[in-house]
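The values are calculated or read from the model by the stated rules, or taken from the named source; none is laboratory data. In this text the structure is predicted, and so the values were computed from the model without any measurement. A quick note on method: Cβ atoms are made from the backbone with ideal geometry, for glycine too, and the neighbour counts reach across all protein chains shown. Side chains included, ligands, DNA and RNA excluded: accessible areas come from the protein's heavy atoms. Shrake-Rupley method; radii C 1.70, N 1.55, O 1.52, S 1.80 Å.
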Amino acid sequence: MEKPSVLEAKNLILLGILVLTFIVFYGSLKNNFTNWDDDVYVLNNFLIRDFSLENLGKIFLEPMGISQIYRPLAYLTYMIDYSIWELNPFGYHLSSLLFHLLNVALVFYLLRLLSNNLAVAGVITLLFAIHPMKGEAIAWASARVDVVYATFYLSALIAYIFYIKNAFQSKYLIFSILLFILSLLSKPAAVSFPLACLLIDYFYARKWNVKIILDKIPFVILALAMGVVTLLAQRPDIAIGSGIEQFSWFERVFISSYTLLFYFFKTIFPIKLSNFYDFPQKLSFWHYGSLLVLGILAFAVYRMRENRNFIFGILFFVVHLLLVIHIIPTGNRFMAADRYAYLAQIGLLLSIAFLYLSAKESVRNVLLGAAAVLSIFYLAVSFNRNQVWNSGVTLWSDAILKNPNCSFCCFGLGNALINANQHALAQPYIEKSILLNPNFAEAYSSRGSVRFALQDYNGAMQDYNKTLALNPNYHYAYASRGSVFAMQKKYAEAVEDYNKALNLNPTDMPTYLNRGMARLQLRDFNGAREDLTIYINFNPNEIKAYYHRGLANANLGRLTECCSDWKRAYDGGIRELKKNLIEACGYTNL
């Protein structure tokens, strides 16, 4: 049992770290949503808007998002956020920050168990908590999965340590399994947990026997099951652009070694951070040389193999990056991401701490001074990067500043400007995106959106056709081409394209509105009413939807419902409905 003085010191250290972390990332609470997946997971996600059994069932039974990945527990947090905050971004960023603070407390406790040294636990937890690479998982609403899965992952790891430390009492193993399941339901990356347990066994020098294997069977079975679910759920046909697939297997070896070193050096020196680290157009000297550097580092680590604690930290770092260094193709458009190092950094920082504990006094002083300098540097960088995530425009502008020849970054900034109705400003970025990657299907679709807004309908049609030639499964191009047909009064063709778009993505709410209006023109009043009702349930503040559903109801002889819709539209600003409401509905006081 710890003495009161130790408990008090422990609590004060943790409280100080938590307060400092909150201050560092407080600026993220002022940010808006971005145009990088936030529209998919939050803004246009109708499932989170109704805390119903039906929607809960869909979240837990169906994959979601651009890549169709199964992570229901993380999506459930969005549903809770919406029930409290609706679409106020403050609440979503606050939730992510609170999850991170909870993880900081869990890391502190984990490090106390592993190091049995309050000072080491405090310093490493501080560096973990305020590290600039953490900003992505905190400030980006769509990265919620990373902080949620980490919460249950760390909790499961602590429970497993309790299992070892408490004479292998089965209740702790069961508790660890349950927490592991929750982590898997938050993000499939939790499949690395069985390897993490083996590392814990190694750290505590457990004797290799049948029990070690039996302990891992439930974890391995669950990890394999999640792996199968993830592979079945993902849709590689809707991957954007080209990723690791453009490289030969020989080249991928160097991509993997370079990416692992990337995370190693970014953890220690987090400079030139970006939300998007693109694959190289071709491999350079640095990529080929990375394998040699990695070999030298591996040899140095091998020379220190007697230092079990140090080896544990290094292996913890590597194990938690195995899934994201392209040994296994994942379909990612980017080479690396800050959020992917969220848990791995614990291992690297801990290995340095164990080196500190085994070093001479003079070396300790140097390492302690370096830790102090890095803490100040991390504080400054993290604090300043909050504003980068303020909006899609600030986010992609920063990415282009770091990599001017990134096609996807130009695409991202162009789309952010399109969303801000600045189509003329968006056009050169979309054009550059296409120039840098002529096979980038979605960039043609975005240029089509620009041309459509500038009333160049023929040009827009050409771009949407080009998009579908490159990617026949891109639902947005069908939806957008349908709108071009509607502008040309070709309503049958418009409905046909809207149907294709909704078959590919039944959650594309604006397309229900557009198809409803097109069906109205084709005198398919029942179909129009059905589509418009779906859209109104998603967005009850869209006034023109009430106006058009009122027309459908009028033609179907549903006078009461027609009058209700038109009254809502009139109150919302469509004042020309006054005559209809007086003559057809009997309103007198308008």
Being in contact (Cβ under 8 Å) with a residue 60 or more places away in the chain and farther than 18 Å from GLU583 by Cα is true for just one of THR533, THR507. Which residue is that? THR507
Which pairs turn up if I take residues in the range 555-581 that are closer than 21 Å to ASN526 by Cβ and look for partners that are hydroxyl-bearing (Ser, Thr, Tyr) and not in a helix (DSSP H, G or I) with beta carbon separation below 8 Å, at least 6 apart in sequence or on another chain? CYS563/TYR587
It is to be established whether one or more residues within the range 534-544 are within 25 Å of GLN488 (Cβ to Cβ), touching an Asp or Glu at 6+ places or on another chain (Cβ under 8 Å) and not assigned by the TED database to the domain that holds ALA492. no
Out of PHE354, PHE377, PHE310, I need the residue that is in the same structural domain as CYS197 (by the TED database), touching a helix residue (DSSP H, G or I) at 6+ places or on another chain (Cβ under 9 Å) and within 20 Å of ALA137 (Cβ to Cβ). Which one? PHE377
State which residue is most open to solvent (accessible area, probe 1.4 Å) when the search covers only the range 78-89 and only residues that are in contact (Cβ under 8 Å) with a residue 12 or more places away in the chain and in contact with a helix residue (DSSP H, G or I) (Cβ under 6 Å, 6 or more places away or on another chain). TYR82
Look through LEU323, LEU292 and report the one residue that is over 14 Å from PHE264 (Cα atoms), without any contact (Cβ under 8 Å) to a residue 24 or more places away in the chain and not in a loop (DSSP other than H, G, I, E, B). LEU292
Restricting to helices (runs of 4 or more DSSP H) lying wholly in the range 118-219: which have 1 or more residues that are basic (Lys, Arg) and open to solvent by 10 Å² or more (accessible area, probe 1.4 Å)? 144-165, 170-184
I'd like the residue in the range 425-472 that is among the aromatic types (Phe, Trp, Tyr) and part of a helix (DSSP H, G or I) and, out of all such residues, is most open to solvent (accessible area, probe 1.4 Å). TYR429
Please name all residue pairs, on different chains or six or more residues apart, with Cβ atoms under 6 Å, provided the first residue is in the range 41-60 and is outside the structural domain of TYR78 (by the TED database) and the second residue is open to solvent by less than 30 Å² (accessible area, probe 1.4 Å) and β-branched (Val, Ile, Thr). none
The range 327-338, residues that are farther than 15 Å from SER192 by Cβ and either aliphatic (A, V, I, L, M) or open to solvent by 10 Å² or more (accessible area, probe 1.4 Å) (or both): PRO329, GLY331, ASN332, ARG333, PHE334, MET335, ALA336, ALA337
